[in-house]
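One structure is given below, encoded as structure tokens.
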Amino acid sequence: MAKLKIRKLGDDILRCKSRDVDAITPRTLKLLDDMAETMRAADGCGLAAPQVGVLRKIVVIETPESGLIELINPVITETSGEQEEVEGCLSIPGKSGITKRPMNVTVEALDRYGNKRVYHGNDLLARAFCHEIDHLYGRLYIDIAKDIEDN
Ligand code: ZN
């Protein structure tokens with residue numbers, strides 16, 4: 001595994017839309033492994049492929065409750081409720097802001113074996129799903145946050 005360079009705010013790639021993964025190849029699996037290592041080394045709970053310079057719909061998420069979740073071509077299929085919480089981003093170090101997100105989020109995605117999976121997240125995991133999938137469309141939390149502050 002290898003630690004990847006995390007792209008920072010101001011890098012145009014963070015504003016680009018990612019493409020679907022057409023075929024899961026050894027490169028895809030290596031990217032998933034490297035993204036998990038990069039996320040853990042940076043002490044984050046989520047990382048999307050554009051953040052490491054790859055415009056493909058690939059996300060890794062790890063919360064204490066969820067463990068490691070790998071998402072390929074994720075789609076949010078259902079949301080409900082509402083929460084307002086502090087959010088940060090590995091691409092925007094040293095800052096955080098308050099965002100409004102759904103409290104419950106259902107995501108459909110492929111796993112690394114190409115199997116279709118359905119995930120239900122609430123609270124932190126719901127926020128992570130929204131935040132990371134936003135990255136695949138060039139959206140950043142600062143677009144919707146209020147009260148952005150230095151940490
Ligand atoms: Zn982020």
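For segment 1-13, the tally of residues that are open to solvent by less than 50 Å² (accessible area, probe 1.4 Å) and assigned to a helix (DSSP H, G or I) stands at 1. Scanning segment 14-50 for residues that are assigned to a helix (DSSP H, G or I), open to solvent by 50 Å² or more (accessible area, probe 1.4 Å) and within 21 Å of E87 (Cβ to Cβ) gives R15, R40, A41. Could you tell me whether S18 is away from the ligand (no atom under 16 Å from the Cβ) and either at pLDDT 95 or above or hydrophobic (A, V, I, L, M, F, W, C) (or both)? No: the conditions fail for S18. Of the set (1) within 20 Å of Y137 (Cβ to Cβ); (2) away from the ligand (no atom under 15 Å from the Cβ), all apply to D33 but (1). Of the residues I148, I133, I142, the single one that is of a type in the set (V, I, T) and open to solvent by 70 Å² or more (accessible area, probe 1.4 Å) is I148. When E70 is tested against (1) away from the ligand (no atom under 16 Å from the Cβ); (2) more than 22 Å from I13 (Cβ to Cβ); (3) of a type in the set (D, E, K, R); (4) assigned to a strand (DSSP E or B), just one condition goes unmet, and that condition is (2).
Which ones in segment 61-108 are of a type in the set (A, V, I, L, M), under 20 Å from E37 (Cβ atoms) and free of Cβ contacts under 8 Å to residues at least 60 places away in the same chain? So that I can check it myself, show each step before the final result.
Within segment 61-108, the subset of a type in the set (A, V, I, L, M) is 61, 68-69, 71-72, 75-76, 86, 90, 92, 98, 103, 105, 107.
Now drop any that are not under 20 Å from E37 (Cβ atoms), which leaves 61, 68-69, 71-72, 90.
Scanning segment 61-108 gives L68, I69, I72.
Working only within segment 73-99, note down all residues that are among the polar types (S, T, N, Q) and within 16 Å of the ligand (Cβ to nearest atom).
Applying the first criterion (among the polar types (S, T, N, Q)) to segment 73-99 yields 73, 77, 79-80, 83, 91, 96, 99.
Result: S91, S96, T99.
Taken over segment 100-151, the criterion of being modelled with pLDDT under 95 and within 14 Å of the ligand (Cβ to nearest atom) is satisfied by I148 alone. For segment 51-67, taking the residues that are in a loop (DSSP other than H, G, I, E, B) and not small (G, A, S), the one that is nearest to Y119 (Cα to Cα) is identified as E65.
For segment 51-65, filtered to residues that are open to solvent by less than 40 Å² (accessible area, probe 1.4 Å) and closer than 17 Å to H120 by Cβ, the residue that is modelled with the lowest pLDDT is T63.
For segment 5-33, give me the residue count where each residue is of a type in the set (V, I, T) and within 17 Å of P50 (Cβ to Cβ). Full working, then the answer.
Going through segment 5-33, the residues of a type in the set (V, I, T) turn out to be 6, 13, 21, 24-25, 28.
With the extra rule that they be within 17 Å of P50 (Cβ to Cβ), the set shrinks to 6, 13, 21, 28.
Counting residues in segment 5-33 that are of a type in the set (V, I, T) and within 17 Å of P50 (Cβ to Cβ) gives 4.
The values are calculated or read from the model by the stated rules, or taken from the named source; none is laboratory data. Everything numeric in this text was worked out from a predicted model, so none of it was measured. Methodologically, a virtual Cβ is constructed for each residue, glycine included, from the backbone with ideal geometry; neighbour enumeration extends over all protein chains shown. Only protein heavy atoms, including side chains, enter the accessible area calculation; ligands, DNA and RNA are left aside. Shrake-Rupley method; radii C 1.70, N 1.55, O 1.52, S 1.80 Å.
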